[in-house]
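What follows is a single structure, written as structure tokens, with notes after it.
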Amino acid sequence: DEEFNELCFEFGLELDEITSEKDIISKEKGEEKAKGASDTVLYKIDVPANRYDLLCLEGLVRGLQVFKERINLPRYEKIIPAQGEGQRLIITEETVQVRPHAVAAVLRNITFTKERYDSFIDLQEKLHQNICRRRALVAIGTHDLDTISGPFTFTAKAPSEIKFKPLNQSQEYTASQIMDLYRTDSHLRHYLHLIENKPLYPVIYDSNGVVLSMPPIINGDHTKISVNTRNVFIECTGTDMTKAKIVLDIIVTMFSEYCEKPFSVEAAEVVYPNGKTHIYPELAYRKEKVKPELINKKVGISETPSSLAKLLTRMCLKSHVIGNGNNIEIEIPPTRADIIHACDIVEDAAIAYGYNNIQMTIPKTYTIANQLPLNKLTELLRLDLAAAGFTEALTFALCSQEDIADKLGMDISATKAVRIANPKTAEFQVARTTLLPGLLKTIAANRKMPLPLKLFEISDIVVKDPDTDVGARNHRHFCAVYYNKSPGFEIIHGLLDRVMQLLEVPPNEENGYTIKATEGSAFFPGRCAEIFAKGQSIGKLGVLHPDVITKFELTMPCSALEISIEPFV
């Protein structure tokens, strides 16, 4: 197990855990339910999302064998049948509105076992979830070729005109009935929305009118494959041609090793509505050139061109040095759709070299890190506010519209609040424009605690600002509340004086701070003051209005202070 864990790490994968079916069930549902489950050891391996070629046992083992240099990378071969003997898939123009693209291929004389068959089905499911975006971009259908006869037609018809026996069902249904049938199916109901509201549904027929499938929902029962199937017809339909080609390439390269002639795939011809034809799968090999010094520089190593070529070959990228050592030519196999740019090749060279083998070096540029002045001031204030007997709270930056507007007696339009377009819950609709609601909700959640409750928070609030590039701006605010049987205005006022003392701002008009009586919607009339410092209004303090207190489900008087600390940086 340890050796395998090491190997996975070296290959750029992660062995997530070593478990068994019994362990998994007992963890999730308790030991009672796990009785009789299999004890066979299972490896859970995390595969990067771009490596579709490692999503099944066949591809993973092949990749690791090449990495360990036990086998050479197989050469995938496309066999084009004699004229008129191959399978054809004809696309009609009706499909343009629903699922315009389709590709196809045949795996001839394949030998399945129970394990291989399960792996084959499992790979399709993993591809459906991953690159196919839950079948929205591509849907895969695999059929027993011996039960049908080509040429095949990919068309689209009205739901009432499509009638067939779906996979593992006992009777025929029309397409509309199938949609109703699967509306409660835990697995298939997630795909119904893809075509549900379209006037025509996509469907594939053989030359005798047998339905192969109604993508992306379900295959027909007539063509279902089993362990005994010898010839498999694979079709991928979709809305994204590039991804359909990749999916087809992955399936045929992974499972062609079980064909009578290993790693060979029989091509199929696709006929487009405009009469043009194309042979699939493409199984395209392409050559890329990368300079060895680029690889060495980007990774931070100094390997010879020939050893870099060897490293890349171990990563299934067959490479050799050309032009007396100043270039490496790399052949990208059809399994590696993730190689898009030279940096993907550099990354593979780094993985093969071993991240742990790269020497750590200190960067050539020295920079001395420094705390942001605003954060430094915030940290210093936090310590002294805690020393003044107040407890720090950290509350959510998102809140509901009521919290910052209705409950504080304001109109939402006056708050300049940034709204979330599709909030998950009513609690998180807008970004907060004041820290007060968060602290009042904290008090409401801690009403059982002994009085007085003295809380403070120094955090950012967000307001809309059309002058910035992102349309909003953050401000660092400081807010404190005192909750007790009496309002305790003097305690909050004292805290303000203490903060100003710490900031070395004297209590006078010229260059210090002053407070002036004012009215605020959240405050009790005649018990509210505005605070001026540095020639500007920095906030308010006062006794909260009884309406505000009851709206936050509180029962005692409360006084509060909220100022912006940015002017003091």
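The values are calculated or read from the model by the stated rules, or taken from the named source; none is laboratory data. Remember, it's a predicted structure, so these values are computed and weren't measured experimentally. Counting neighbours? That spans all protein chains shown, and the Cβs are built from the backbone with ideal geometry, glycine included. The area values use the complete protein model at the heavy-atom level, side chains included, leaving out ligands, DNA and RNA. Shrake-Rupley method; radii C 1.70, N 1.55, O 1.52, S 1.80 Å.
Some points to look at:
- Every residue from segment 290-313 that is crowded, with 22+ Cβ neighbours inside 10 Å and either hydroxyl-bearing (S, T, Y) or within 18 Å of G59 (Cα to Cα) (or both): L312
- Residue within segment 501-508 that is open to solvent by 30 Å² or more (accessible area, probe 1.4 Å), assigned by the TED database to the domain that holds T395, over 23 Å from E402 (Cβ atoms) and assigned to a helix (DSSP H, G or I) present: yes
- Of all residues in segment 276-291, those that are without any contact (Cβ under 8 Å) to a residue 40 or more places away in the chain have Cβ atoms under 8 Å from Cβ atoms of residues that are not in a strand (DSSP E or B), 6 or more apart or on another chain, in H278/Y272; K291/N326.
- Annotation: E77 fulfils all but one of (1) open to solvent by less than 70 Å² (accessible area, probe 1.4 Å); (2) closer than 30 Å to K310 by Cα; (3) among the charged types (D, E, K, R); the unmet one is (1).
- Residues of segment 223-247 that are touching a Lys or Arg at 6+ places or on another chain (Cβ under 7 Å) and farther than 30 Å from I332 by Cα: V227 alone.
- Residue check, A522 out of contact with any Pro (no Cβ under 8 Å at 6 or more places or on another chain), assigned by the TED database to the domain that holds P437 and either modelled with pLDDT of 90 or more or open to solvent by 50 Å² or more (accessible area, probe 1.4 Å) (or both): no
- Considering segment 35-125, the qualifying strands (runs of 3 or more DSSP E), each wholly inside and each with 1 or more residues that are under 27 Å from the mean Cα position of the chain (by Cα), run over 41-46, 101-107.
- Test set (1) in a strand (DSSP E or B); (2) touching an Asp or Glu at 6+ places or on another chain (Cβ under 8 Å); (3) open to solvent by 20 Å² or more (accessible area, probe 1.4 Å) - R230 fails condition number: (1)
- Residue within segment 456-464 that is in the same structural domain as L554 (by the TED database), farther than 25 Å from E392 by Cα and open to solvent by 20 Å² or more (accessible area, probe 1.4 Å) present: yes
- Segment 193-221 - residue that is surrounded by fewer than 17 Cβ atoms within 10 Å (Cβ to Cβ) and in contact (Cβ under 8 Å) with a residue 12 or more places away in the chain and, of those, nearest to Q129 (Cα to Cα): E196
- Applying a threshold of 7 Å to beta carbon distances and a minimum spacing of six or more residues, or different chains, the list of pairs starting in segment 18-36 at a residue that is open to solvent by 80 Å² or more (accessible area, probe 1.4 Å) and ending at one that is assigned to a helix (DSSP H, G or I) reads K33/I25.
- Pair list, Cβ < 6 Å and 6+ apart or interchain, from segment 499-515 residues that are over 16 Å from A529 (Cα atoms) to residues that are among the charged types (D, E, K, R) and at pLDDT 90 or above: L502/D384
- Residues being in a strand (DSSP E or B) and either open to solvent by 40 Å² or more (accessible area, probe 1.4 Å) or closer than 17 Å to N508 by Cα (or both) - total across segment 540-568: 1
- Any hit, segment 486-499, residues being open to solvent by less than 20 Å² (accessible area, probe 1.4 Å), under 16 Å from L544 (Cβ atoms) and not in a helix (DSSP H, G or I): yes
Let's see how each residue does on (1) under 30 Å from V499 (Cβ atoms); (2) part of a helix (DSSP H, G or I); (3) open to solvent by 40 Å² or more (accessible area, probe 1.4 Å); (4) of a type in the set (A, V, I, L, M, F, W, C):
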| position | (1), (2), (3), (4) |
| --- | --- |
| P334 | no, no, no, no |
| A337 | no, no, no, yes |
| C343 | no, yes, yes, yes |
| A352 | no, yes, no, yes |
| N356 | no, yes, yes, no |
| T367 | no, no, yes, no |
| L385 | yes, yes, no, yes |
| T425 | no, no, yes, no |
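- Of the criteria (1) part of a loop (DSSP other than H, G, I, E, B); (2) in contact with a strand residue (DSSP E or B) (Cβ under 8 Å, 6 or more places away or on another chain); (3) farther than 25 Å from I218 by Cβ; (4) open to solvent by 60 Å² or more (accessible area, probe 1.4 Å), which one K287 fails: (1)
- Flag if Q171 is assigned to a loop (DSSP other than H, G, I, E, B) and assigned by the TED database to the domain that holds M254: yes
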